[in-house]
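First up is the structure itself, then whatever we jot down about it.
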Amino acid sequence: MLPRRLPLLAALLTLVALSTLLAGSSAAGSVTNLVVETRNGQTFLTWENVPGTNWIYHIYESPVPITRSSDIVFATEIGSVRDSSAIDFRMSSLLGELCTFRVDSASAPLPPSGGLYVHTVINERSVYYAVVADSVGGNVSMDIEPGQSSMITPVHELVGLPVPVWQRELNEPVSGEVYALFTTDSDKTFQFPAMSPRGRRELHFGIKRGLPGGALLLHGHGRGGSFFNAMSGTGTPGETVIAIDDYLPTNDVGDFYYGFAETYDLAREWNPAPRRGKVVDYTDRGVMYLLDWAERTIQHDRNRVYAMGGSMGGTFATFLAWHHPERIAAALAFIPKLCFGYTPDSYPNLRISFDRMWGTLNANLPTQNGPGIFDWMDGRYMSRALYRGHGAPVTAFMGRNDDVVGWPEKVAFFSAMQEHKLGGTWFWDTRAHYDPTTSVDWLPMQDWRVLYRYRLDQSFPALSRCTADQDPGDGTTTTGDPVGSINGMIEWDPEVVDQPAQWEVVLRSRQMASQGETFAAPPVAHVDVTPRRLQQFIVTTRVPYRYEAYDQATHTLVAQGELSADSLAVLTIPQIPVTPSGTRLIVAPITIAGVGGSGLKQPVMSLASNPVRGRAAVRFAWPSDARAQVELFDLAGRRMRTVYDGPARQASDLSIATTDLAPGIYLLSARQGAAHAVERMVVVK
């Protein structure tokens, strides 16, 4: 995770300077060979630079032709670049050779002496462009030459979704395809948010393509590394891997795949700590945009989208699972940082970098997502925030001797994770941050294919308070078990029954092997079970539930009871006994009559989130397939709208817009014949 400077950068700049100086003096002519092409919601401007160095190229737009220098007064400057804008410095540094951008997969790389500017279209229009060169510090405008530095005929721009541009195929030092996404600093563009606070930024990534129907893996790399380090998956046949580059051209090197303050300057090597403003999710936006693009273009299994990585990449995988659980089926992380708000710091230099990117811990600047940055990037806060819903499950391996991302923060996280039923599987051993993978204790358990246990369309049990867990201690290396896990001793059969009136899973205790010892499967372990990522099973505060647990070997009843969901409609079945042969846990609402149809006596409904902001997602289970009515009332009994009126089989999931409703409490009514249920809904802005 230690930052590394790019040793080839100075050499590349020198090479560019020499090539341009050989082309002529710095007082010659104007920009030539301006070419403007528009496609996929972006306009690409390329040109031949003015001979020499120390030029700034200003890009102007105008509704009328720009035929002479005086026309610039009536034009609008939309951006500027330096005289090396065609050079891909990131790839040049990684490959050790001069690389330039392509603006289209079918085009040749641009010449090093060329210029490049990419404009993301905001409105449909016809427009003229011109490029004018000024000498640095001299403010000497070059002449306009129509057809060379300015357009004679306009280009007609259309709003659209920008796409990454294929750059090259690699065989060494890694194999795969390399793409670049040319981002924008404007939030006014169509479904393409700003991914930098100002100016130009390219998001590089690599792809190793699989087969249609295979899984999709998003792989992150460590701080100071590159996407070259992440061009691999689990080894499962058919999977596609997208390795995303998290790189900042500053001394902060990478932003942990989230973003940075809106005042952060990418052209400034050392940034001061911001004192006000927001921390914007610039990089996370890019990651999610690439996932959207992949879903449009790659024929993968959308229910098998996984995240993985080590160090900063492990943090990427973990927080992607927590911030976007509706898109990520599961995550696998090695030596991640989990609690950015935790103090004292194990590695103070990392905190200094956070200060520059995000502001100080005391400031805790707000994010675009709402919470402060050191809450939003802290597993303790996320476990509380995800309690009502769920996070995608994470399997992680951590080190007690890791003085870079820290061990004490993990113990603090474990406590919050247990309290809020976040689940996941967490391993620790004696590794330090930079220990070779082959030397770590838990090497035999580091099977990346564990991701394939999970799917977005399948429920899973979130485990907590397992009696077979080892003791992590108090955060010091002298307390607790040196090698251990939380939830590691329990696994379950992937085929989880998830029906409107029944949820069922088979749990098993298991043996685990480290390089130094074998942990025998406990004869009996007790564990709390919270059903998560429910597809059909309805959990509501209005209905009591009954659970029964059966030993798979003897088919005898080993636990039973009645319980209710808590006030947030989270249902946890306490201390189920689990054996190596397996325990089948069955949970059902007590309102089941046991005969005919669905067995429900009344409609059952569950809000995906409450309070509701913007739109409410509601899941229903009905006593029969007969006509069903869903209506929304205010507290005075006035009917605000009829949400649904028709066959019940078409009303299992409904979406209710609330943007036109005043903030307050409303009553959602579900009726089928004489059967009736009401749920309170809180609307906020």
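What follows is calculated from the coordinates using simple rules that are stated; it is not laboratory data. Fair warning: this is a prediction, and the values are worked out from it, not measured in the lab. As a convention, Cβ positions derive from the backbone with ideal geometry for all residues, glycine included, and neighbour counts pool all protein chains shown.
Tell me, what ³J(HN,Hα) does each residue in the range 631-641 have, in order and in whole Hz, if you take phi through Karplus 6.51 cos²θ - 1.76 cosθ + 1.60 with θ = phi - 60° and put x for Gly and Pro?
10, 10, 10, 8, 5, 7, x, 7, 6, 7, 5
What is the total of Lys pairs in the chain with C-alpha atoms under 25 Å apart, excluding same-chain pairs fewer than 8 positions apart?
On the way: Lys188/Lys278; Lys188/Lys685; Lys278/Lys337; Lys278/Lys685; Lys337/Lys410; Lys337/Lys421; Lys410/Lys421.
Lysine pair count for the chain: 7.
What is the helix-to-structure angle for 348-358, meaning the angle in degrees between its Cα long axis and the longest Cα principal axis of the chain, kept from 0 to 90 and rounded to the nearest 10?
70
Put a dot 7 Å past each Cα toward the Cβ at Gln515 and Arg198; how far apart are the dots in nm?
With each label point 7 Å from Cα toward Cβ, the separation is 5.0 nm.
Could you pull out every residue, at least 5 positions away or on a different chain, whose amide H is within less than 5 Å of the one on Val612? Hs are placed 1.01 Å off N in the peptide plane, and Pro or chain starts have none.
Val682, Val683, Val684
Please give the FRET efficiency for Ser69 paired with Arg125, using the beta carbon to beta carbon distance and R0 = 30 Å, rounded to the nearest 0.05.
0.80
Could you list which residues have their amide H under 5 Å from that of Ala559, counting only those 5 or more apart in sequence or on another chain, with H placed in the peptide plane?
Long-range HN contacts for Ala559: Ala549.
Between the range 314-341 and the range 85-135, what's the alpha-carbon centroid distance in Å?
Cα centroid to Cα centroid, the span is 34 Å.
Tell me the angle of helix 312-323 to the major Cα principal axis of the chain, expressed in degrees between 0 and 90 and rounded to the nearest ten.
60
Set the Förster distance to 35 Å, then compute FRET efficiency between Glu77 and Asp653 from the Cβ-Cβ distance, nearest 0.05.
Using R0 = 35 Å, I get an efficiency of 0.10.
At 0.36 nm per residue, and after removing the present C-alpha to C-alpha distance, how many nm does the segment from Thr572 to Thr541 gain when stretched out fully?
The span from Thr572 to Thr541 would gain 9.9 nm if fully extended.
Where nothing but the Cβ of Lys and Arg (+1) and of Asp and Glu (-1) is charged, how large is the charge dipole of the chain around its Cα centre, in debye to the nearest 20?
Computed charge dipole of the chain: roughly 1580 debye.
For semi-axes √(5λ) of the Cα gyration tensor in Å, which listed value, (1) 63, 31, 23; (2) 42, 32, 28; (3) 51, 32, 21, comes from the coordinates shown?
The value matching this structure is (3).
In degrees from 0 to 90, rounded to the nearest 10, what is the angle of the helix 9-23 Cα long axis to the longest principal axis of the chain?
30
So, in Å, what gap is there between the alpha-carbon centers of the range 175-233 and the range 399-414?
After rounding, the separation between the Cα centres reads 29 Å.
Based on the Cβ-Cβ distance from Ala626 to Glu562, what FRET efficiency comes out when R0 is 30 Å, to the nearest 0.05?
According to the calculation, E is roughly 0.55.
With +1 on the Cβ of every Lys and Arg and -1 on the Cβ of every Asp and Glu, and nothing else charged, how large is the dipole of the range 604-683 about its Cα centre, in debye rounded to the nearest 20? Numbers along the way, then the final one.
Working: 10 positive and 7 negative charges, 10 e Å.
Result for the range 604-683 is approximately 40 debye, rounded to the nearest 20.
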